[in-house]
1. If each residue's Cβ is checked for other Cβ atoms within 10 Å, how do Thr124, Thr21, Thr43 rank with the fewest at the top?
2. Please order Glu125, Glu7 by the number of other Cβ within 10 Å, starting at the fewest.
3. What distance in nm lies between label points placed 7 Å from Cα along the C-beta direction at Asn38 and Leu93?
4. Hey, if you put +1 on the Cβ of every Lys and Arg and -1 on every Asp and Glu Cβ in the chain, which of Val70, Thr21, His111 ends up farthest toward the positive end of that dipole?
5. Run the quick spin-label model on Ala123 and Val6: label points 7 Å from Cα toward the beta carbon, then report their separation in nm to one decimal.
6. What whole-number value in cubic angstrom gives the convex hull volume per residue for the C-alpha atoms of the chain?
Amino acid sequence: MTFTEVERGYLAAQALGRLATVSPDGDPQNNPVAFRHNVETDTIDIGGFKMGASRKFRNVQADGRVSFVVDDIASLDPWRVRGIEIRGRAEALADQAPHMPYFSNEIIRIHPRRIISWGIDPATEGMQKRNVEPDPKVPW
């Protein structure tokens, strides 16, 4: 399993994340996106309306390096934030079953390589970091 039980529960309870991609000219792009944890592939699948025509989809086709963040504020008083960052390799896929109504049949699928989480497991404090699939070409 790529994700811990606590991480899977947190991801299932959230509906929106932010996907950072790299354009062909090297510029970063960050977008709010709908997602789901795909239990069968243990990946993050990102869908959307006309996904195949989006810049983020084209960015992933050109360069599959991505970072994906899901976070929220669990409490204002006391201040408590929580979230998860997933760094990895993404692929732009067509002819996929949309996971929400009105989504197109293209998705971005993220294969995690590094997972960083904070505040989602009440039993642990601070940040938890782990490499899931080390890649010598990617220094993080």
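1. Least crowded to most crowded, the residues run Thr124, Thr43, Thr21.
2. Glu125, Glu7
3. Using points 7 Å along Cα→Cβ, the separation is 0.2 nm.
4. Thr21
5. The answer from the label model is 0.8 nm.
6. Numbers: hull volume 16.8 nm³, N = 140.
Dividing the Cα hull volume of the chain by its residue count gives 120 Å³.
Bear in mind these aren't lab numbers, they're just calculated from the coordinates by the rules spelled out. What you see is a predicted model; the values in this text were computed from it and never measured. Neighbour counts run over all protein chains shown; Cβ positions are idealised from the backbone, glycine included.
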